[in-house]
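Engineer: Questions regarding the structure given below will be posed in turn.
The values are calculated or read from the model by the stated rules, or taken from the named source; none is laboratory data. Everything numeric in this text was worked out from a predicted model, so none of it was measured. Cβ atoms come from the backbone with ideal geometry, glycine included; neighbour counts cover every protein chain shown. Surface accessibility is based on the protein's heavy atoms, side chains included, excluding ligands, DNA and RNA. Shrake-Rupley method; radii C 1.70, N 1.55, O 1.52, S 1.80 Å.
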Amino acid sequence: MTEPVPAAPFAVVPGSRIRELLAGREKQVISIVSDAYRTHGAGRTVNPPSYFLRFPDRPNARIIALPAALGGPAPRDGIKWISSFPDNVAAGLPRASAVLVLNDHATGRPLACLEGSVISAARTAASAALAAAVLTRDRPRPRRLGIVGAGLIARYVAAFLGADGWSFDEVRVNDLSADHADGLLAYLRRAGRPASPLLRTSSIEDTIRSSDLVVFATVTAEPHVTETEWFAHRPVVLHVSLRDLAPEIVLGAANVVDDVDHCLRAGTSPHLAEQVAGDRSFVTGTLHDVMTGRVRVPPDLPVIFSPFGLGVLDLALGGWVYDELAAHGELTEVADFFVEEPGSWP
């Protein structure tokens with residue numbers, strides 16, 4: 001008779017503890033994300049298309065399910081469930097909230113529910129910082145940073161860039177809300193990085209034209225940047241928010257994505273570019289392709305990195321958080337979360 005597998009207790013991990021654990025470990029998080037990209041690029045993941053739950057009465061809101069399985073020496077299975085409700089901001093609530101559920105790889109039983117917005121923000125910022133380093137290997141290192149959209153993700157990206165050794169001669173911040181822009185600038189001043197001077201701009205054009213590295217971290221649902229000449233100086237663009245750029249800008253650039261099939265869907269700028277072009281030939285390759293030298297980014301074009309956001313990245317970082325807390329006996333377990341009735345097992 002097969003010996004019964006001992007069931008791991010179910011645990012709940014709050015965001016405050018995750019934030020404490022990740023603080024000061026930005027370079028380690030970048031390494032975790034880099035390893036996850038390599039695992040995905042090697043075909044050792046299962047990362048189905050994300051499912052978008054939308055609401056007819058709230059067209060700007062959505063909740064997204066990202067199921068995934070990450071292979072390798074420490075396999076992970078699970079799902080991220082993340083909501084984006086932009087109207088929350090006016091009510092003093094965060095735009096995004098999320099949970100990450102980890103499942104036991106052997107039994108499929110849920111192991112833990114982790115607060116997911118901190119993990120999501122950290123893996124997004126780590127992905128952006130990794131891309132910034134990889135995509136500038138064969139061109140002069142950017143000295144001027146421009147940030148469009150001054151929310152939580154922009155703050156995380158700036159923090160990860162600074163922690164990864166980036167410094168800039170100038171940082172420009174643009175946001176529809178002057179208060180949000182000033183809030184990000186105040187954060188950068190307190191952090192003492194990544195540059196001085198720090199400027200709030202009223203013009204997206206000025207932010208782009210004056211920057212060698214541009215970060216888009218907005219909540220826009222459709223393209224609002226349409227002028228291709230704004231990118232004539234060939235900046236590297238971290239298009240984190242995915243929907244800011246008109247198809248013409250995408251088609252005039254070297255385009256790097258995290259995953260082609262995932263990124264060219266759901267009305268992203270690359271998806272719209274595909275509809276205009278009729279094919280996917282404008283995609284230069286994936287970040288993994290560039291990391292491994294399979295693809296070189298041409299130096300005579302703007303470079304746009306468009307990361308759709310892979311669930312395997314959340315699993316990689318969430319799994320690391322779970323293991324760290326478990327190793328130190330810090331998991332908050334929920335007794336009797338599952339109802340066990342052995343006599344009724346089929």
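Engineer: Sum -39500 (n - 2.57) across every DSSP H segment of at least 4 residues in the chain, then divide by the residue count to get the 222 nm mean residue ellipticity, nearest 500.
Structural biologist: Details: 11 runs with 115 residues, N = 346.
Calculated mean residue ellipticity at 222 nm is -10000 deg cm²/dmol.
Engineer: On alpha-carbon atoms, Rg over Rh for the stretch 97-201 using Kirkwood Rh?
Structural biologist: Numbers: Rg = 16.8 Å, Rh = 15.3 Å.
The Rg/Rh ratio comes out at 1.10.
Engineer: I've got another one for you. Which of the GluC sites (Glu not before Pro) across the stretch 180-273 are loop residues per DSSP, with 15 or fewer other Cβ within 10 Å?
Structural biologist: Values: sites: Glu205, Glu227, Glu229, Glu248; in loops: Glu227.
Answer in residue order: Glu227.
Engineer: Still on this structure, I have one more. Just in the stretch 121-172: which trypsin sites (Lys or Arg not before Pro) are loop by DSSP and have at most 12 other Cβ atoms within 10 Å? Spell out each step's value before the answer.
Structural biologist: On the way: sites: Arg123, Arg137, Arg143, Arg144, Arg155, Arg172; in loops: Arg137, Arg143.
Within the stretch 121-172, the qualifying trypsin sites (Lys or Arg not before Pro) (loop, at most 12 other Cβ atoms within 10 Å) are Arg137.
Engineer: Using alpha carbons only, how many degrees (0 to 90, rounded to 10) separate the axis of helix 178-191 from the longest principal axis of the chain?
Structural biologist: The angle comes out near 70 degrees.
Engineer: Pairs of Cα atoms under 8 Å, at least six residues apart: use those to get the relative contact order of the chain, whole percent. Walk me through the numbers on the way to the answer.
Structural biologist: Working: 670 pairs, mean separation 65.0, N = 346.
After rounding, I find 19 percent.
Engineer: With only alpha-carbon atoms counted, please give the Rg and Dmax of the chain, in Å.
Structural biologist: Values for the chain (Cα only, Rg and Dmax): 20.7, 72 Å.
Engineer: Just the number, please: carbon plus sulfur as a percent of the accessible area of the chain, 1.4 Å probe, no ligands or DNA/RNA counted. Please list the in-between numbers first.
Structural biologist: Details: 8550 of 15800 Å².
Carbon-and-sulfur percentage of accessible area, whole number: 54.
Engineer: Over the chain, what is the percentage of antiparallel beta bridges among all DSSP beta bridges, to the nearest 5? Could you put the intermediate results ahead of the total?
Structural biologist: Values: 31 of 62 bridges.
Among the beta bridges of the chain, antiparallel pairing accounts for roughly 50 percent.
Engineer: Which of rounded, prolate, oblate describes the stretch 31-167, given a ≥ b ≥ c as roots of the alpha-carbon gyration tensor eigenvalues and a/c under 1.5 marking rounded, otherwise prolate only if a/b is larger than b/c?
Structural biologist: On the way: a/c = 2.11, a/b = 1.10, b/c = 1.91.
In terms of gyration-tensor shape, oblate.
Engineer: Where only protein heavy atoms count, and the probe is 1.4 Å, what is the accessible area per residue for the stretch 214-279 in Å²? Could the numbers behind the result be given before it?
Structural biologist: Details: 2300 Å² over 66 residues.
I get 35 Å² per residue for this part.
Engineer: Write out the trypsin sites (Lys or Arg not before Pro) in the stretch 199-259 meeting two conditions: DSSP loop, and at most 16 other Cβ atoms within 10 Å of their Cβ. Mind showing how you got there, number by number?
Structural biologist: Numbers: sites: Arg200, Arg209, Arg243; in loops: Arg243.
Passing sites in the stretch 199-259 do not exist.
Engineer: Over the stretch 1-69, average the accessible area per residue using a 1.4 Å probe and give it in Å², no decimals. Mind showing how you got there, number by number?
Structural biologist: Numbers: 4090 Å² over 69 residues.
Per residue, the stretch 1-69 has an accessible area of 59 Å².
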